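What follows draws every value from the coordinates through simple rules; no lab data is involved. It should be emphasised that the depicted structure is a prediction, and the values quoted were computed from it without experimental measurement. All Cβ positions, glycine included, derive from the backbone under ideal geometry; neighbour counts span all protein chains shown.
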């Protein structure tokens, strides 16, 4: 009798243990999943803050100039125009006697002399050569400039139009006449912004179950520009 009771009790205990174990994840698996989640969180946070640090100033600049570009018609600026004139010395004028290849820059000595007399730097800039004159366009962010040299008399005329700092920042935003260094900066900055947003998206995914409004807000951020583009941009 006692043996049957003991046997039956052990069987009931084993059955209860089996039922309990069937509905739970083994501890090693739980620890492994937690370690994996912790590793991903650490990596994503690291890349997120690094990309944020790299793109912080550039993102603020591009956000501000986005506003100034959007309201360009409302921001008035009076261009300042300054003109210059000079005459090339005969030895330097003689260097312009031969017409080089198309878009060839001015001789180095001529460009250096002009930098001192008309305060515009034409070194290494492509020039337009005709029988009568040499013309060098010198556009830059927020400004336009040019130098013209009469190949017969050596007379130099120049003009600089400065449109102000707002125009300067707007041209930086657009990458207009900003040179090679700024061209590469925009690429590096864009990559940092992409890393920042992608890591932010994954961090949202990892934290979303504790923040129910996460995906509705993300969806709203996508839906609003799509609706505006479809309904109001023609």
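List of remarks:
- Take each peptide in 166-178, 29-41, count the other Cβ atoms within 10 Å of every residue, and average; sorted highest first, the result is 166-178, 29-41.
- Summarising the label geometry, the points placed 7 Å from Cα in the beta-carbon direction at residue 176 and residue 204 lie 3.3 nm from one another.
- Once the Cα gyration tensor of the chain is diagonalised, semi-axes √(5λ) in Å: 73, 22, 13
- For residue 60 and residue 153, the FRET efficiency from 1/(1 + (r/R0)^6), where r spans their Cβ atoms and R0 equals 45 Å, is about 0.35.
- Two-site FRET efficiency, residue 95 against residue 137, from Cβ-Cβ distance with R₀ of 22 Å, rounded to 0.05: 0.60
- Mean residue ellipticity (222 nm) of the chain, computed from DSSP H runs ≥ 4 via -39,500 (n - 2.57), nearest 500: -20500 deg cm²/dmol
- Cβ-Cβ FRET estimate between residue 45 and residue 168, R0 fixed at 30 Å, reported to 0.05: 0.25
- Against the chain, whose longest principal axis comes from its Cα atoms, helix 27-70 is set at around 30 degrees.
- For the chain, the longest principal axis of the C-alpha atoms and the axis of helix 165-174 are separated by about 60°.
- Relative contact order for the chain, counting Cα pairs under 8 Å that sit 6 or more residues apart, in percent: 20
- Sequence ranges 179-185, 228-234, ranked by mean other-Cβ count within 10 angstrom, highest first: 179-185, 228-234
- Crossing angle, helix 179-207 versus the chain [Cα axis fit, 0-90 degrees, rounded to tens]: 10
- Packing rank of 146-155, 116-125, where each peptide gets the mean count of other beta carbons within 10 Å, highest leading: 146-155, 116-125
- Label-to-label distance, nm, for residues given as residue 37 and residue 211 (7 Å Cα→Cβ offset): 1.6
- Note on the range 80-163: Kirkwood radius taken over Cα pairs, Stokes-Einstein applied at 20 °C and 1.002 mPa s, translational D equal to 169 µm² s⁻¹.
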